[in-house]
Amino acid sequence: MAQIIDFAIGSVKTTAAVGIPAGAGPFPGVVVTFHRYGIDKFTHWLVDYLVAKGFAAIAPNHFHVIPPDKTPDDRKDYLTDEQMVLDLRAAAAWLDGQAKVLKKKYGLLGHCMGGRTTWVGLEEAPELWACGCIWYGGSALKPMGKLPAPIDRLDRIQAPVMGFSGKEDKNPSPADIAKFDEGLTKHGKWHEFHIYEGTGHG
C-alpha cells in the first residue's frame, strides 16, 4: 500500500505518497503528479499499481502552496509552473536517495491537472526524465505563473511522450491535441497520442 511520508521541497515541509516494490531491486522510478483533488484514493491506487508492476513511485503533494483556510478549488490562485518544477525536482531527488531505486532517468506521468504538470516537468527539467505520459492534461495552452504556456515550450522536451484523451473532451479538445502534435513534430520530438471515440474528460 502507498504510504504517506513527510517530504521536503527545499525549506518547505509537506507530504508525498510513495511506494517501493518488495525485493532487492534496483527498480525503475516514476514521479506521479496528481489531479485537482490532490492525493486521493485514485492517487493511492496509481502508486500501488505502479509498485505492483515493479516501479518505485512518488506523488508529491503540490497543494502545500494552498493556505490552510483555502481548498483545492482555490488552487489556481496559488499554483505556478515554477513551483511545480521545484516539486518534481524534489520528487526525483527522493528517488535518487532510495537504495533500491535504479539511478537513471525517471518516468513522469499525470492525469488532468497532473497531465499539464507533466508537460511542465518535461520542459523545465528535461534532464530528469526517460519518458512522459499524459492523460488528458487540460489548460496547457495557458500560462500558470511567469513561464510561457506549455504549448510554447515544446522545443525543450528531450524524452518521448505518449498522451491519452477523449474525443468528446473539451479540455484538452482534439484541436488542442492537434496543436501539441504539430508543435512536437515541428521540433522533431517523438510522441504518440491516443484519442478515444465517445469518451469525455477523464
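The values are calculated or read from the model by the stated rules, or taken from the named source; none is laboratory data. Source: prediction; values computed, not measured. In this analysis, Cβ positions are derived from the backbone assuming ideal geometry, glycine residues included, and neighbour counts consider all displayed protein chains. Side chains are part of the model used for accessible areas, which takes the heavy atoms of the whole protein and leaves out ligands, DNA and RNA. Shrake-Rupley method; radii C 1.70, N 1.55, O 1.52, S 1.80 Å.
Here are the numbers for this structure:
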item	result
Check: segment 54-202 dipole with +1 on Lys, Arg Cβ and -1 on Asp, Glu Cβ, in debye	380
Whole-Hz ³J(HN,Hα) from phi, Karplus 6.51 cos²θ - 1.76 cosθ + 1.60, for segment 86-96, glycine and proline x	4, 4, 5, 4, 5, 5, 5, 5, 4, 4, 4
Cα point-scatterer Debye curve for segment 3-59, base-10 log of I(q)/I(0) at q = 0.14, 0.22 Å⁻¹	-0.38, -0.84
Of Trp135, Trp45, Trp119, the one that fluctuates the most in a GNM where the chain has Cα springs shorter than 10 Å	Trp45
Options Gln3, Ile39, Val51, ranked by Cα towards positive dipole end of segment 3-82, top entry (Cβ charges)	Val51
12 Å beta-carbon shell around Gly183, net charge (K/R +1, D/E -1)	-1
Sequence-distant residues sharing a close amide H with Ala2 (under 5 Å, placed H)	Asp48
Expected 222 nm ellipticity per residue - DSSP helices of 4 or more, -39500 (n - 2.57), all of the chain, to 500	-8500 deg cm²/dmol
Long-range HN-HN contacts of Thr15 with modeled amide H, under 5 Å	Phe7, Asn61
Positive dipole terminus of segment 75-184, leading residue within Ser173, Cys112, Gln98 (C-beta point charges)	Gln98
Using distinct alpha-carbon pairs, which all enter the 1/r mean, Kirkwood radius of segment 134-202 in Å	12.3
Listed residues Gln83, Asn61, Ala22: farthest to the positive end of the dipole of the chain (Cβ charges)	Ala22
Rounded Å value of the spacing that divides the Cα centres of segment 27-56 and segment 99-148	14
Sorted peptide list for 6-19, 183-196, 102-115, criterion being average Cβ within 10 angstrom, highest first	102-115, 6-19, 183-196
Amide H contacts under 5 Å for Phe27, placed H, 5+ residues apart	Val101, Leu102
Estimated vicinal HN-Hα couplings, Hz - segment 103-108 in sequence order (Karplus 6.51, -1.76, 1.60; Gly, Pro = x)	7, 9, 5, 10, x, 10
Length-normalised contact order for the chain - Cα pairs under 8 Å, 6+ apart - percent	17
Carbon and sulfur %, accessible surface of segment 1-108 computed with the full protein complex present, 1.4 Å	57
Whole-Hz ³J(HN,Hα) from phi, Karplus 6.51 cos²θ - 1.76 cosθ + 1.60, for segment 60-65, glycine and proline x	x, 8, 5, 7, 4, 7
Crossing angle, helix 174-186 versus the chain [Cα axis fit, 0-90 degrees, rounded to tens]	80
